[in-house]
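Trainee: Before I ask anything, let me first share the structure, which is written out below as structure tokens.
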Amino acid sequence: MTFPHPTSRRQFMGGLAAGTTGLLFPFSDSAPAFGSPIERPVFATIGLRNQGWSITNKSTKFADFAALADVDANVLGANVEKLNKRQGKKPDSYKDYRQVLDRKDIDAVMIATPDHWHTKIAVEAMLAGKDVYCEKPLTLTIDEGKLIEKVVKKTGRIFQVGTMQRTESGQRFLQAIALVKAGRIGEVKKVTCGIGGFKPSPTIPVTTVPEELDWDLWLGPAPKTEYRALPEMRKGYGGGVPLYSNCHYAFRNWHEYSGGKLTDWGAHHVDIACWAIGASKTGPTRVTPLNFEMGVPYKDGHPLKDDQYNIAIKFNIRAEMPFGIEMLITNEGDNGILFEGTKGRFFVNRGKIVGKPVEDLKENPLPDDAIEKVYGGPVAENHTANFIDAMNSRKQPISDVWSHNRMLEICHLANIAMRLDREIKWNPIKREVMGDEQANSFLSRENRKGFEINM
């Protein structure tokens, strides 16, 4: 179908930025906030389990939600009721996201689907005249990232990636970046991103698709395959679905839909690491799998079994970064980032920031504006608030697509290196693998027939 290009009450402002959207704009708090109900933007969320509800819930303070979309009827219905109670108005509900994009009254969409859907929905949303907030990791392949960049530039839409560590987590990560940029550890030599690992799955049999789930639509651009699940249910965060399956929460454990821990937690910690060392506009020259273990056997980069999780379980990956900095991405140790330099080291994660350079702040604090200089202005109340501010100013938000794609390339290349069991030499200028056509073939994928990106 052909999507219209509706004119929103803010679209005229977008034209002002259209000629410069290829630039990385700093955040600015100079634009006025949405003050009255009439000025509040109208949002819709596509994909509603877990993070989908989380970002929706955070955003109701700043926006009105007119619609929700999900391919699971139970998930959709439950979130419609939660949102009705939250904002005092029941949103419209859809199974097919295209019905959301057809609506001229919706200014922006929030995308929290499984990763393999991100690019198609995001591109079509921008072409339909919507600003976009999309959960991380933004893409399933490197070439998908390049496409999104082109469409952002072409359309002038505002695009926020959900790497919320750039805004939230008590500003610990912003403080870490400020420490590095202030030279408190001297010249950076090594940064280690601990992102945890997975346990291998048992054999997961083919079973009946739940009545409430449109399995074909859930698969969408991914290859056609049968639904698999074991009876045991997941508890805690992401609970209420099978613990072992090729759907819902477990999609992260399959290369068909995601990139495992490398793109899940890697998209958070590698992002902060690249920002801190000044590598947000470039990339590695070499990515080497020092040691790793895959969930199933592989041949020529493809799994030989289709009934078990197929992502990397254990891994130590080295990336050679600009300025002679070594980046290590590992499943070992604490989840977080260790920065090491010629004058010291410190560790940061969502719960703490520790080390002598941090202790030294008591006697030698950072300048009062150090964190604001990192952020590009006063830090927003939360990550979605920054998105709203960016929609007002028509300047790209703190988690822009260009810096996100550059750091995510490291994570994608790490997965490719493990799938092929060899070192990857990368040209960060051309954004291609050097001297390895087989590795280059993994930079893109073909969408399943009937689910091509509607350009």
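Trainee: Taking only pairs six or more apart or across chains, which ones have beta-carbon atoms under 6 Å, a first residue in the range 140-169 that is small (Gly, Ala, Ser), and a second residue that is modelled with pLDDT under 95?
Mentor: Once the first residue is small (Gly, Ala, Ser) and sits in the range 140-169, its partners that are modelled with pLDDT under 95 give Gly156/Gly14; Gly156/Ala17; Gly156/Ala18; Gly156/Thr21.
Trainee: Let me ask you something else. From the set of residues in the range 118-134 that are surrounded by fewer than 24 Cβ atoms within 10 Å (Cβ to Cβ) and not aliphatic (A, V, I, L, M), which is nearest to the chain's Cα centre (by Cα)?
Mentor: Checked the range 118-134; the qualifying residue nearest to the chain's Cα centre (by Cα) is Lys120.
Trainee: Six or more apart or on different chains, Cβ under 8 Å: which pairs go from a residue in the range 290-303 that's farther than 17 Å from Tyr257 by Cβ to one that's of a type in the set (Phe, Trp, Tyr)? Could you list them?
Mentor: Asn291/Phe315; Phe292/Phe315; Glu293/Phe315
Trainee: Could I ask something else about it? With the checklist (1) within 30 Å of Gly170 (Cβ to Cβ); (2) buried (at least 18 other Cβ atoms within 10 Å of the Cβ) in hand, flag the one item Asn335 doesn't pass.
Mentor: (2)
Trainee: Take the conditions surrounded by 14 or more Cβ atoms within 10 Å (Cβ to Cβ), at pLDDT 95 or above and outside any helix (DSSP H, G or I) and apply them to Phe451. Does it pass?
Mentor: Values: surrounded by 14 or more Cβ atoms within 10 Å (Cβ to Cβ): yes; at pLDDT 95 or above: yes; outside any helix (DSSP H, G or I): yes.
Here the answer is yes, as Phe451 does meet what is asked.
Trainee: Tell me the residue from Ala125, Ala112, Ala176 that is modelled with pLDDT of 95 or more, assigned by TED's automatic domain parsing to the domain that holds Ala267 and not charged (D, E, K, R), please.
Mentor: Being modelled with pLDDT of 95 or more, assigned by TED's automatic domain parsing to the domain that holds Ala267 and not charged (D, E, K, R) holds for just one of Ala125, Ala112, Ala176, which is Ala176.
Trainee: Can I ask one more? Is one or more of the residues making up the range 400-418 assigned to a loop (DSSP other than H, G, I, E, B) and either of a type in the set (S, T, N, Q) or surrounded by 17 or more Cβ atoms within 10 Å (Cβ to Cβ) (or both)?
Mentor: So far as the range 400-418 goes, yes, one or more of its residues are assigned to a loop (DSSP other than H, G, I, E, B) and either of a type in the set (S, T, N, Q) or surrounded by 17 or more Cβ atoms within 10 Å (Cβ to Cβ) (or both).
Trainee: When you scan the range 173-196, how many residues do you find that are small (Gly, Ala, Ser), buried (at least 18 other Cβ atoms within 10 Å of the Cβ) and out of contact with any Asp or Glu (no Cβ under 6 Å at 6 or more places or on another chain)?
Mentor: Qualifying residue count for the region: 2.
Trainee: Please determine, by comparing only the residues of the range 70-87 that are among the acidic types (Asp, Glu) and free of Cβ contacts under 8 Å to residues at least 60 places away in the same chain, which one is surrounded by the most Cβ atoms within 10 Å (Cβ to Cβ).
Mentor: Result: Asp70.
Trainee: Given the condition in a helix (DSSP H, G or I), surrounded by 22 or more Cβ atoms within 10 Å (Cβ to Cβ) and among the charged types (D, E, K, R), answer yes or no: does some residue in the range 242-252 qualify?
Mentor: Scanning the range 242-252 turns up no residue that is in a helix (DSSP H, G or I), surrounded by 22 or more Cβ atoms within 10 Å (Cβ to Cβ) and among the charged types (D, E, K, R).
Trainee: OK, next. Out of all the residues in the range 211-226, which are surrounded by fewer than 18 Cβ atoms within 10 Å (Cβ to Cβ) and in a loop (DSSP other than H, G, I, E, B)?
Mentor: First pass over the range 211-226, keeping only residues surrounded by fewer than 18 Cβ atoms within 10 Å (Cβ to Cβ): 211-212, 214-217, 223-226.
Listed by number, the residues that qualify are Glu211, Glu212, Asp214, Pro223, Lys224, Thr225, Glu226.
Trainee: Right, here's the next one. With respect to Thr45, is the statement that it is buried (at least 17 other Cβ atoms within 10 Å of the Cβ), of a type in the set (S, T, N, Q) and at pLDDT 95 or above true? Walk me through it before giving the result.
Mentor: Values: buried (at least 17 other Cβ atoms within 10 Å of the Cβ): yes; of a type in the set (S, T, N, Q): yes; at pLDDT 95 or above: yes.
When the stated conditions are applied, Thr45 passes them.
Trainee: Sticking with this structure for a sec: Part of a loop (DSSP other than H, G, I, E, B), in contact (Cβ under 8 Å) with a residue 12 or more places away in the chain and of a type outside the set (Val, Ile, Thr): which single residue out of Asn392, Asn316, Asn310, Asn386 fits that description?
Mentor: Among Asn392, Asn316, Asn310, Asn386, only Asn310 is part of a loop (DSSP other than H, G, I, E, B), in contact (Cβ under 8 Å) with a residue 12 or more places away in the chain and of a type outside the set (Val, Ile, Thr).
Trainee: I've got another one for you. Residue by residue through the range 389-399, note down the ones that are of a type outside the set (D, E, K, R) and either modelled with pLDDT under 95 or surrounded by fewer than 24 Cβ atoms within 10 Å (Cβ to Cβ) (or both).
Mentor: Passing the criteria: Asn392, Ser393.
Trainee: Still on this structure: Scan Gly183, Gly162, Gly194 and give me the residue that is in contact with a Cys (Cβ under 7 Å, 6 or more places away or on another chain) and closer than 30 Å to Pro357 by Cβ.
Mentor: On inspection, the qualifying residue turns out to be Gly162.
The values are calculated or read from the model by the stated rules, or taken from the named source; none is laboratory data. Note that the structure is predicted; figures quoted are calculated from it, not measured. Neighbour counts are summed over all protein chains in view; Cβ atoms, including those assigned to glycine, are modelled from backbone coordinates with ideal geometry.
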